[in-house]
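A quick write-up on the structure given underneath.
The values are calculated or read from the model by the stated rules, or taken from the named source; none is laboratory data. Every value quoted in this text rests on a predicted model; they were computed, and no experiment measured them. Cβ coordinates were reconstructed from backbone atoms using ideal geometry, including for glycine residues, and neighbour counts include every protein chain displayed. When the accessible area is computed, the model is the full protein with side chains, heavy atoms only, and any ligands, DNA or RNA have been set aside. Shrake-Rupley method; radii C 1.70, N 1.55, O 1.52, S 1.80 Å.
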Amino acid sequence: MKKPLIVYFSLSDNGSTSKVASFISDGVGGDLFRIVPKKDYSKDDNELLIETKKEYQDAARPELLSFLDDISNYDVIFFVYPLWWNTLPMPFFTFIDHYDFKDKKIVPFCTNQGGGIGFSARELRNVCSNAQVMSGYGINASEVEQERDNIIKWAIENLE
Ligand SMILES: Cc1cc2nc3c(=O)[nH]c(=O)nc-3n(C[C@H](O)[C@H](O)[C@H](O)COP(=O)(O)O)c2cc1C
């Protein structure tokens with residue numbers, strides 16, 4: 001079986017979303033790619049909310065530091081992200097816009113603070129309309145550690 005790709009975005013190196021990405025990579029192997037925007041988001045919580053809400057309302061596509069050259073070797077791609085404004089953080093959409101996901105299987109995983117997966121899976125079906133987007137898995141950020149085994153089990157099931 002081909003290696004999967006695990007693409008993730010988190011503002012924090014050791015936040016819940018980065019942990020999920022490393023659990024999945026521990027569990028199923030595969031290559032990890034972190035989406036890093038060129039800009040620095042505000043460290044102030046209130047400013048961050050204002051800034052990201054505007055990005056969301058404007059359907060912004062913040063520039064990224066780098067992209068993967070080629071995703072043609074991957075059939076299964078995990079998208080791992082924190083729920084922002086009930087959807088994916090806008091830098092994720094910059095990444096998505098860069099590629100053609102035709103015939104790829106996209107497996108969404110979302111950390112949140114009670115919003116489940118919001119409408120992120122629906123949004124992914126719109127923007128990756130020629131891919132097979134699986135139903136997403138959402139976990140409260142505070143439960144990520146205790147859910148490690150379940151996350152790995154779910155990731156393995158989605159490889160098939
Ligand atoms: C800008 C912003 C918007 C957010 N919007 C939502 C939301 O709509 N629903 C929700 O349940 N949590 C929301 N959250 C909470 C994050 O999803 C949660 O803190 C995230 O899982 C933390 O991931 P991290 O530890 O990798 O940063 C938001 C957080 C931020 C910073």
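Which members of the range 131-160 meet the condition of being in contact with a Lys or Arg (Cβ under 6 Å, 6 or more places away or on another chain) and more than 18 Å from Leu5 (Cα to Cα)?
Within the range 131-160, Val144 is the sole residue that qualifies.
Restricting attention to the range 102-123, the residues being part of a loop (DSSP other than H, G, I, E, B), surrounded by fewer than 19 Cβ atoms within 10 Å (Cβ to Cβ) and away from the ligand (no atom under 16 Å from the Cβ) number 2.
For the range 62-86, the tally of residues that are surrounded by fewer than 14 Cβ atoms within 10 Å (Cβ to Cβ), of a type in the set (Ser, Thr, Tyr) and more than 21 Å from Ser12 (Cα to Cα) stands at 1. Residues in the range 4-29 that are more than 15 Å from the ligand (Cβ to nearest atom) and loosely packed, with under 15 Cβ neighbours inside 10 Å: Asp26, Gly29. Per the conditions (1) farther than 15 Å from Ile24 by Cβ; (2) within 16 Å of the ligand (Cβ to nearest atom); (3) surrounded by fewer than 16 Cβ atoms within 10 Å (Cβ to Cβ), the sole criterion not satisfied by Asn126 is (2). Tally the residues that are under 20 Å from Asp100 (Cα atoms) and loosely packed, with under 11 Cβ neighbours inside 10 Å, restricting the search to the range 30-61. Summing the residues that are under 20 Å from Asp100 (Cα atoms) and loosely packed, with under 11 Cβ neighbours inside 10 Å in the range 30-61 gives 1. Checked against (1) in contact (Cβ under 8 Å) with a residue 60 or more places away in the chain; (2) over 24 Å from Gly15 (Cβ atoms), Asp97 passes all but condition (1). For the range 41-90, a residue qualifies if it is among the aliphatic types (A, V, I, L, M), assigned to a helix (DSSP H, G or I) and either away from the ligand (no atom under 16 Å from the Cβ) or more than 14 Å from the chain's Cα centre (by Cα) (or both), and the qualifying residues are Leu48, Leu49, Ile50. Restricting attention to the range 139-155, the residues that are within 13 Å of the ligand (Cβ to nearest atom) and open to solvent by less than 30 Å² (accessible area, probe 1.4 Å) add up to 2.
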